[in-house]
Amino acid sequence: MNTGQTDEQLLAAANGAAFGELFDRHSRAVYLYVWGLAGNVRDAEDLTQDVFETAWMKLHTIRIVDASALPWLLVTARNRFRNADRRRAQRHTTELQDALIDPRSTNQQSESAEELQWVRLEIDRLGEIDRRICTLCLVEGHSYKEAARIVGLSTGAIAKRVERLRTHLRSTVRSES
């Protein structure tokens, strides 16, 4: 649905239909941009979602450049990616330091984990972010909000990824049976 309104008019309307039109107008450009940064579909989808969630929360502070919200959206995308990338690097360094101090700290397994070794193998096959999310939410029991803060994604992105991870693990269970 194209109402012919400018980005500024759509933002000023501050309603779901207008924001949906803004999303339709710019989501492909934002997605392609973050896909180039992230290098994979899942991260690109999550970052795109994060950018538009941020835009929704900051409707009245978005700066229009040359009659378009796209520059603001792309800068926001770049900043969200850099922040997430920085947090990943920091976590990796911390985990490496912990492993050097006490190698058992990263490899502790309970009896139930040993019984479900195939789950661990499946988790190990996941990408770095999905592995971390799986560990935080499904293994350690963190809330989506806590995981979002730790990983640097939105709560919605975490929920979507957990849903995909559960579906993937369920399909693995069925094929193992």
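Residues in region 54-72 that are touching a Leu at 6+ places or on another chain (Cβ under 8 Å), closer than 26 Å to Val151 by Cα and either outside any helix (DSSP H, G or I) or modelled with pLDDT under 90 (or both): Leu59, Ile62. Taking region 139-149 as the range and being closer than 24 Å to Asp85 by Cβ and either of a type in the set (D, E, K, R) or surrounded by fewer than 15 Cβ atoms within 10 Å (Cβ to Cβ) (or both) as the test, the residues that pass are Val139, Glu140, Ser143, Lys145, Glu146, Arg149. One residue alone among Val75, Val51 is modelled with pLDDT of 90 or more, closer than 30 Å to Arg132 by Cβ and surrounded by fewer than 17 Cβ atoms within 10 Å (Cβ to Cβ), and that residue is Val75. All conditions in (1) of a type in the set (S, T, N, Q); (2) within 16 Å of Pro71 (Cβ to Cβ); (3) loosely packed, with under 13 Cβ neighbours inside 10 Å hold for Asn15, with the sole exception of (2).
Pairs linking a residue in region 14-25 that is more than 16 Å from Glu53 (Cβ to Cβ) and assigned by TED's automatic domain parsing to the domain that holds Glu45 to a residue that is of a type outside the set (Ser, Thr, Tyr) and modelled with pLDDT of 90 or more, with Cβ atoms under 9 Å and 6 or more positions apart or on different chains, are Arg25/Ala69; Arg25/Leu70. For region 111-126, indicate whether the set of residues that are within 16 Å of Asp46 (Cβ to Cβ), surrounded by 12 or more Cβ atoms within 10 Å (Cβ to Cβ) and modelled with pLDDT of 75 or more is non-empty. Yes; the residues of region 111-126 include at least one that is within 16 Å of Asp46 (Cβ to Cβ), surrounded by 12 or more Cβ atoms within 10 Å (Cβ to Cβ) and modelled with pLDDT of 75 or more.
Within region 140-163, the set of residues being in contact (Cβ under 8 Å) with a residue 60 or more places away in the chain and in a helix (DSSP H, G or I) comprises Ile150, Val151, Gly156, Ala157, Lys160, Arg161.
The values are calculated or read from the model by the stated rules, or taken from the named source; none is laboratory data. Being a predicted model, the structure only gives us computed values, none of them experimental. Backbone-built Cβ (ideal geometry, glycine too); neighbour counts: all protein chains shown.
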